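Structure first, commentary second.
The values are calculated or read from the model by the stated rules, or taken from the named source; none is laboratory data. None of these values were measured; they are calculated from a predicted model. FYI the Cβ positions are ideal-geometry reconstructions off the backbone, even for glycines, and counts take in every protein chain you see.
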């Protein structure tokens, strides 16, 4: 069963091991943070891994923690031996014994799932066993964490698949729901909600992701409309509902483009992370590499581009663009285009095991002079220097 990271998970880990943890789940690295590189500070990597909202998880059991003596049974090391013995004598023997860890109390929960994403609803039920969190409470209510239920249900044949919005039905009125999570259920974060389990079990509903437009604004605008009098135009002020209707085609095009581009990049990042050479590709960023490792780095980008550009994205159902591939690999379009154009002499040079950016740069500058590209910036600079002479 997967769980979120805790501080104790990193107690004996070196920086390289933390980097590998991130690279294994690189798709969860938030865009709100600075781009991940292996040279980041350890405290910054740990801060992101520990944030439950980002979705980094592990399947390892919780780290072992030692039992302890009560605080009033501990004495400073600077006290004399006799004083320590006198203090210990005043502590009840029962308090000096290690406190046994309380057993985890679990509860069986029946989940009723109503999946409305298809043309016909699919209804199924599944029972899972999860830890109860209000064991010490006098309340008769049974409280559990939603992510424990979700992790267990994903291990059964009733696992949530594909994309959608998952919501909890209100036990008093099933027509009203409380959203729990939405997105691709393979990567969506289950969250930390605490749920009170009704006697009849939990009822959840899965619906398609909403495809609504963002607000198009309420500020008044003007629309030029031709007049019947002499071909003149009159200026009509639009507000409220009329404004929304007038702006709808433009807003629809902008939102659809943004959704397609963002979804396509996210899908490509997931596809790239599954390839065997991806961890090495990510680890090579911001490092001084040998020539052959540089070649391998760009070879991965070129092959990934050749395999996906022009094909239909399974998420957006549109053609994959080179710009989307460059964003997914965190490369500039120019850099990706350079990786795709090979020259044997350059490849042979870069494939060597020599080190040093200066030597490589000197060779590439010489190659650029010998093989000018019409219209390129280096060629324009060369022509300017010739004209000045």
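Residues to consider are 165, 161; find the one that is assigned to a loop (DSSP other than H, G, I, E, B), in the same structural domain as residue 200 (by TED's automatic domain parsing), under 21 Å from residue 186 (Cβ atoms) and at pLDDT 85 or above.
161
Which one of these is surrounded by 11 or more Cβ atoms within 10 Å (Cβ to Cβ) and at pLDDT 75 or above: 382, 354?
Answer to the selection: 382.
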